[in-house]
Amino acid sequence: MTELVLPPNSARSDIPAHAGIQCAQRKAKGNCFERHPKESDDGRPNLGIDAPVKLTRNQVIIACLGLIALQAAILLAMGREPICKCGYVKLWHGVVMSSENSQHLSDWYSPSHIIHGFIFYFALWLLSRWIPMSFGMRLIVAIAVEASWEVIENTNWLIERYRGTTVSLDYYGDSVINSVADTLFMIVGFFLARRWPVWVTIVVAIALELFVGYMIRDNLTLNVLMLLWPAQFILDWQAGR
């Protein structure tokens, strides 16, 4: 058997000896290449990060609960009501044009937060191809983004924006319990997106948008559209005019 001998100057300091021998063997067959230090095995840039941060399950749970608790604390400090001013908490409130909308545990806008979870999972999955992140780390980032949005959504400026450009004339901000529930719905969507095939996630997202749009003439798509680019004909249709 012929023994392969590496030239003295062919070794790289960042490649183990056995890797050099394997590379030399592949060179003999013409299928060895050296990876650029800033590229992953499939040629994608790894931004200098070789492995995701390892977090235990307990660390992930503590971080997630801490972010949700921080979200609630900030909302309380902003003057948001802990629960509905009516004095009780309902599992479901289905009347959109009322002062109790966005005050209880769930309502017609809860599906939009499930879709948030779908979107965040997909976006962070793509990002993790360049910046390696474990599922737990992606979940933490998703909760941080959702919690941040819930805080921004309940600022006086955005509340007035909603009231002025959308059909939500009776909207005066979320209760804290509703806002926290919205984040929990996002987490549900995040886990479902992990479990379901991509096509199922897309079909469910479209079905939710169509169903909610049919039932209340509003959904996530229309909400974003009316917030950013208000259209009078859409507002008239939503108001039944």
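First measure r as the distance between the Cβ atoms of N156 and L70, then evaluate 1/(1 + (r/R0)^6) with R0 = 22 Å and state the FRET efficiency to the nearest 0.05. Walk me through the numbers before you get to the answer.
Details: r = 20 Å, r/R0 = 0.92.
Efficiency computed from Cβ-Cβ geometry: 0.60.
Could you calculate the contour length gain from D170 to L91, that is, 0.36 nm times the residue separation minus the distance between their Cα atoms, to one decimal place in nm?
On the way: separation 79, 0.36 × 79 = 28.44 nm, distance 2.02 nm.
Full-extension gain reported as 26.4 nm.
Output the peptides 116-124, 212-220, 54-62 sorted from most to least packed, where packing is the average of other Cβ atoms within 10 Å over each peptide's residues.
Details: 116-124: 20.2, 212-220: 17.0, 54-62: 11.8.
With the highest mean Cβ count within 10 Å placed first, the list reads 116-124, 212-220, 54-62.
To the nearest 0.05, how large is the calculated FRET efficiency for W229 and A207 if R₀ is 25 Å and r is the Cβ-Cβ distance? Don't skip to the end; give the middle numbers.
Details: r = 25 Å, r/R0 = 1.00.
Calculated value: 0.50.
How large is log10 of I(q)/I(0) for the stretch 57-238 at q = 0.09, 0.15, 0.19 Å⁻¹ when the intensity is taken from the Debye formula with one equal scatterer per alpha-carbon?
-0.33, -0.92, -1.38
Within the set of other residues whose C-beta is less than 10 Å from the C-beta of W125, count the net charge using Lys and Arg as +1 and Asp and Glu as -1. Walk me through the numbers on the way to the answer.
Numbers: positive: R129, R138, R194; negative: none.
It works out to a net charge of +3.
Based on the mean of other beta carbon atoms within 10 Å per residue, what is the order of 129-137, 95-103, 77-85, most packed first? Intermediate values should be presented prior to the final figure.
Details: 129-137: 16.2, 95-103: 17.9, 77-85: 13.7.
My ranking of the peptides, most packed first, is 95-103, 129-137, 77-85.
Under 5 Å between amide hydrogens, which residues at least 5 positions from E81 or on another chain qualify, with H placed 1.01 Å from N in the peptide plane?
For E81, the qualifying residues are V176.
If R₀ is 22 angstrom, what is the calculated FRET efficiency for the pair T221 and F122, using the beta carbon separation as r and rounding to 0.05?
Details: r = 16 Å, r/R0 = 0.74.
Plugging the Cβ-Cβ distance into 1/(1 + (r/R0)^6) gives 0.85.
Where a number appears in this text, it was derived from the coordinates with a stated rule and is not lab data. Bear in mind that the values here come from a model prediction, so they are computed numbers and not experimental data. As a convention, Cβ positions derive from the backbone with ideal geometry for all residues, glycine included, and neighbour counts pool all protein chains shown.
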